[in-house]
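One structure is given here, and the rest of the page talks about it.
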Ligand code: FPP
């Protein structure tokens, strides 16, 4: 179990806490953040990329091993054409502007989702990001792009059938081998920014026992302080996975060991 020191948002002093191995994030609130500034929605998404870069670094620094983010959902095609093409352009710009640094910082990037409907140019850039970082191990960043939780379950069933798995051989562990996040443990912590209290078709299969953390913070404002607040909240949860006893006791935030340094 990873231990780290964080500056508690509650106590304002360093504490030692348990760190989730895997955090999944719905990065919501970019549009409202831009609107508050009388700017187009894509402006919010651009600042959302900066928040993502900050969060990857902060997560790696705290010992998080897997970070999975919802960058474009299967439903986002319904947005105005200008915003959809803005998000596609942003994917290209993000690879162009941030890939080199992510590569040297040990970030392994994977893209999950239905890439059959995105342009060749975007698909090539995403493939470039995966290839350039394939040997990295410090933190696994999975970007869900044209992803939906129901799509994921369906594509896994289809691929299991195509692989010839017999119905009586198909169990949860076998199906999980066909899911988009087969490379990662299930998320321990699910964070949604932007104040909405829903899951919005993200990782439906994988978040069965994730701890949920919702914050009003709009995604472009997310950073170290918000991440630490989520980690403190997580450390106070008792995870029972459907049982009676805590399976992996996470000390309550108040009981965390106070470190003098
Ligand atoms: C939801 O906010 C956010 C998105 C649909 C896109 C998230 C994308 C990023 C943070 C940038 C990274 C993306 C790429 C392509 C590299 P919203 O627009 O629904 O905000 P609102 O609820 O305030 O309208």
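Bear in mind that the values in this text are calculations on the coordinates, not laboratory data. Nothing here was measured: the structure is a model prediction, and the numbers come from that model. Here the Cβ positions follow ideal geometry from the backbone for every residue, glycine too, while neighbour counts run over all protein chains shown.
Here are the numbers for this structure:
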read-out	value
Fewest-first ranking of 137, 103, using other Cβ atoms within 10 Å as the exposure measure	137, 103
Cβ-derived FRET efficiency at R0 30 Å, residue 200 paired with residue 123, nearest 0.05	0.80
Length-normalised contact order of region 99-249 in % [C-alpha pairs under 8 Å, at least 6 apart]	18
For 197, 203, order by how many other beta-carbon atoms lie within 10 Å, fewest first	197, 203
Distance-filtered residues of region 80-113 - backbone nitrogen under 16 Å, label point 7 angstrom along residue 158 Cα→Cβ	112-113
Net length gained if the chain between residue 104 and residue 240 were fully extended (0.36 nm per residue, minus Cα distance)	45.1 nm
Three-way shape label, the chain, alpha-carbon gyration tensor, a/c 1.5	oblate
Relative contact order [Cα under 8 Å, 6+ residues apart], region 121-202, whole percent	35
Computed [θ] at 222 nm, helices only, for the chain once each DSSP H run of length n ≥ 4 contributes -39500 (n - 2.57)	-12000 deg cm²/dmol
Computed E for residue 166/residue 131 - FRET, C-beta separation, R0 25 angstrom, nearest 0.05	0.10
The chain, relative contact order [Cα under 8 Å, separation at least 6], %	28
Footprinting exposure proxy for 33, 151 (fewest neighbouring C-beta atoms within 10 Å first)	151, 33
Gaussian network model of the chain, Cα within-10 Å springs - most flexible of 132, 144, 167	167
